[in-house]
Each structure stands twice: as C-alpha cells, then as structure tokens.
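Some notes on the structure that comes next.
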Amino acid sequence: MKIVIQRVKSASVSIDGLIKEKIDSGLLLLVGVEDADTGWDLEYAVRKITQMRIFSDEQGKMNCSIQEIKGEILSISQFTLYASTKKGNRPSFSGAGKPDFAEAFYENFNEKLAEVVPTKSGVFGADMQIELVNDGPVTIILDTKEARKH
C-alpha cells in the first residue's frame, strides 16, 4: 500500500458536483493498493495511521494521535500513486492493484480504520473532486512495502 497522509483542518469529496462526504479536523488519506498487499500491510497501515503522533499538544508539539484529538478520517482511493514515469511521457499504472482486488482491499482497510476512528470515504473508481485545508502543512507518505523490508 502507498498512502499519502495529510493532516487537515477540513476536507471533502464531491462527485458530480455534490458533496458526498466531509470531515473537520483529522486526516485525508489518498490510498493506493497493489496486488502484492496482504493482511499484514492492511494491519500495519491501520495501526500506523491511527497511532501516528502528528497532531499538536498543548505546547504545540506533534505529540497526539488522531484518536487523542478525536479526529476523523476521509479515505480516498488513488491508484495513480502507483504511476511509473520511467518511460515516455504517459505514466504507466500497471503497478496498481487489479480493480476487483484493490476495491475489496480498500473497503476492508476503511472498515478496519472505522473500528478505531470515525472514517468516511469516496467511491472507488469514481471521478472525484477533493477539497482540503491542509493543516501545517503536514503530509507524510506511508509505503508498507518499505516496512516489509525490515
């Protein structure tokens, strides 16, 4: 999995000009899945995201998790995170998970997140428009393949 984690003051996802979901303080996740992802990747990502201390405490230090601030998550499927730009000018997305696998994995990921933190999502495969107010800005990239190496 490749996940772009953005700390936000607010975020929303719209489809066909209508807001489908919105959150206030929390995390906007752009989530990419590959066919090699397993339950280990899913559990690792959920644990890291829900426990990552990237929200400010009373002293302004990044010392609190999303759970501690009672924040929300907006999760958006994003196969383009697996773009390969090595050849030519048109990115290849062959590294992204096959749609049936990726959609089921993404939905399972959102369900696991929702067991810990209120989680909303976009629609897998839809043409979505995302609006956000990045807080900080704080943007972190989580790649579970890197964690598997250790």
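The values are calculated or read from the model by the stated rules, or taken from the named source; none is laboratory data. Quick caveat, the model's predicted, so the values are computed rather than measured. Note that each Cβ is placed from the backbone with ideal geometry, even for glycine, and that neighbours are counted across all protein chains shown. Note: accessible area is taken over every heavy atom of the protein model, side chains too, but ligands, DNA and RNA are not part of it. Shrake-Rupley method; radii C 1.70, N 1.55, O 1.52, S 1.80 Å.
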| request: Report the net charge of residues surrounding LEU132, where surrounding means a beta-carbon distance below 11 angstrom and charges are Lys +1, Arg +1, Asp -1, Glu -1. | output: +1
| request: Enter the angle in degrees (range 0 to 90, nearest 10) between the Cα long axis of helix 99-114 and the first principal axis of the Cα atoms of the chain, meaning the one along which they spread out most. | output: 10 degrees
| note | Tilt, helix 39-51 to longest principal axis of the chain (alpha-carbon atoms), in degrees rounded to tens, equals 30 degrees
| request: Note down the magnitude of the dipole of the chain about its Cα centre, charges +1 on Lys and Arg C-beta and -1 on Asp and Glu C-beta and zero elsewhere, to the nearest 20 debye. | output: 560 debye
| Euclidean distance between Cα centres, region 108-150 to region 1-22, Å | 9 Å
| remark: Order by accessible surface, 1.4 Å probe, largest leading, for residues LYS48, LYS112 comes to LYS48, LYS112
| remark: With -39,500 (n - 2.57) per DSSP H segment of 4 or more residues and division by the full residue count of the chain, the 222 nm estimate, nearest 500 deg cm²/dmol, is -7000 deg cm²/dmol
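With a 1.4 Å probe and every protein chain kept in, tell me what percent of the accessible surface of the chain is carbon plus sulfur. Could the numbers behind the result be given before it?
Numbers: 4290 of 8590 Å².
Reported share for carbon and sulfur atoms: 50 percent.
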| note | LYS145 and ASN63 label points (each 7 Å along its Cα→Cβ direction) are spaced in nm at 3.7 nm
| Quick one: length gained pulling GLN51 to LYS22 fully straight, 0.36 nm per residue minus the C-alpha distance? | 8.3 nm
| field | Highest-MSF residue in the chain out of ALA126, ALA114, ALA96 [GNM, Cα springs under 10 Å] | value | ALA126
| task | Could you tell me the number of lysine pairs in region 59-144 with C-alpha atoms less than 30 Å from each other, where the two lysines are 8 or more residues apart or belong to different chains? | result | 10
| note | Honestly region 51-150 on the Cα gyration tensor test (a ≥ b ≥ c root eigenvalues; a/c under 1.5 rounded, otherwise a/b vs b/c for prolate or oblate) is just prolate
| said: If you count only protein heavy atoms with a 1.4 Å probe, what accessible area per residue comes out for the chain, rounded to a whole Å²? | reply: 57 Å²
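Suppose the chain between VAL116 and SER14 were pulled fully straight at 0.36 nm per residue; how much longer would it get relative to their current alpha carbon spacing?
Contour length minus the Cα-Cα distance gives 34.3 nm.
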| note | For region 1-48, the percent of all C-alpha pairs falling in each 5 Å bin, from 0 up to the bin holding the max distance, is 5, 17, 22, 19, 17, 14, 6, 0
